[in-house]
Amino acid sequence: MIVCSIVSVFPLVWMLLAATNKSVDVLAGKLTPGTFLSENYKNLIAAQPLWRNFWNSCKYTVLITVAALIISSLAGYAFVIYKDKMKTIVYKVIICTMMIPFVALMVPLFQIYSKVGLLNSTIGFMLPSLATPLLIMMFRTGAMAFPDEIVKAARIDGLSEFQIFYRMFIPTMKSTYAATAVVTFMNAWNNYLWAKVIMSDGATQTMPMLISNLIAGYVTDYGMLMLAVLITTIPTAIVFFALQKNFVEGITGAVK
């Protein structure tokens, strides 16, 4: 386990060290801290609009995460709590869409969004990620462990359906919300392909696109590139470690 841990952590350590060294030192395989961090930062903000792209990524990711959790949890809750003959068929159709690769949908999605004026817009970037089959499946699986007696008792006490969802379901499914929040946040933050298709305006670009721009030239400054990768990695690492315990509980289906 120690050997596996060292192998897993080494790329992160190398990235951190490379961000403090010159490009020639990175290419030479230097594995000690350098003194070029400030120069790499100056070169990075001079070459790319770093903090504008960082703000765009934060804005898009937070909006997608919050909206996706609300919409997908409502869908997963409804698939379990409400009794309907067609819900099983609808759920199977939704799960079957997981077999369709996203690259097969990009061209028709781009054509539709261009016709309705959603290119280079926050809504256009968000829409494909708001109700994914994976999130609906995770919330449905979690909702299956939600006691039906609580719903019946709440209805007898006069609570509306949305009050039951807000006051009973959400607090009970905190671990599931944490697990799906981590998955959604990481997918939205690292989303490059769809952002590259729909975000052609420089003012709307994200951090993965900034990293792509850094390696698109004739000469790549690897010290500056590793600093950009390090800055891009920090938010996802913070979210994962903050929700790590609840993430494990949500994945294993724990309900409190």
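The values are calculated or read from the model by the stated rules, or taken from the named source; none is laboratory data. For clarity, every value in this text was computed on a predicted model and none was experimentally measured. Cβ atoms come from the backbone with ideal geometry, glycine included; neighbour counts cover every protein chain shown. When the accessible area is computed, the model is the full protein with side chains, heavy atoms only, and any ligands, DNA or RNA have been set aside. Shrake-Rupley method; radii C 1.70, N 1.55, O 1.52, S 1.80 Å.
Some points to look at:
- Filter pass, ILE238 being β-branched (Val, Ile, Thr), without any contact (Cβ under 8 Å) to a residue 12 or more places away in the chain and not in a loop (DSSP other than H, G, I, E, B): yes
- Filter result for VAL62 (part of a helix (DSSP H, G or I) and either surrounded by fewer than 17 Cβ atoms within 10 Å (Cβ to Cβ) or at positive phi (or both)): yes
- Test: residue in segment 150-171 that is closer than 30 Å to GLN111 by Cβ, part of a helix (DSSP H, G or I) and among the charged types (D, E, K, R): no
- Looking across segment 195-207, the residues that are buried (at least 18 other Cβ atoms within 10 Å of the Cβ) and of a type outside the set (Ser, Thr, Tyr) come down to ALA195, ILE198, MET199, GLN205, MET207.
- Flag if ALA46 is closer than 26 Å to GLN205 by Cβ and surrounded by fewer than 18 Cβ atoms within 10 Å (Cβ to Cβ): yes
- Given (1) open to solvent by less than 70 Å² (accessible area, probe 1.4 Å); (2) over 29 Å from MET209 (Cβ atoms), index of the condition LEU69 fails: (2)
- Within segment 109-129, the only residue that satisfies the criterion of being part of a loop (DSSP other than H, G, I, E, B) and buried (at least 18 other Cβ atoms within 10 Å of the Cβ) is LEU118.
- Per-region count, segment 160-186, residues closer than 18 Å to PHE247 by Cβ and surrounded by 14 or more Cβ atoms within 10 Å (Cβ to Cβ): 16
- Complete set of residues in segment 64-81 that are among the small types (Gly, Ala, Ser) and touching a residue at least 12 places away in the same chain (Cβ under 8 Å): ALA67, ALA68, SER72, SER73, ALA75, GLY76
- Among the residues of segment 24-40, those identified as more than 10 Å from GLY223 (Cβ to Cβ) and either touching a residue at least 24 places away in the same chain (Cβ under 8 Å) or open to solvent by 90 Å² or more (accessible area, probe 1.4 Å) (or both) are LEU31, PRO33, THR35.
- Single unsatisfied condition, VAL182 versus (1) over 21 Å from the mean Cα position of the chain (by Cα); (2) at pLDDT 85 or above; (3) among the β-branched types (Val, Ile, Thr): (1)
- Note on segment 205-231: residues that are of a type in the set (Val, Ile, Thr), in contact with a Ser or Thr (Cβ under 8 Å, 6 or more places away or on another chain) and modelled with pLDDT of 90 or more total 2.
- Counted residues, segment 1-23 - those being surrounded by 11 or more Cβ atoms within 10 Å (Cβ to Cβ) and either in contact with a strand residue (DSSP E or B) (Cβ under 7 Å, 6 or more places away or on another chain) or assigned to a helix (DSSP H, G or I) (or both): 9
- Only one entry in ASP157, ASP84, ASP148 is touching a residue at least 60 places away in the same chain (Cβ under 8 Å) and loosely packed, with under 13 Cβ neighbours inside 10 Å, namely ASP148.
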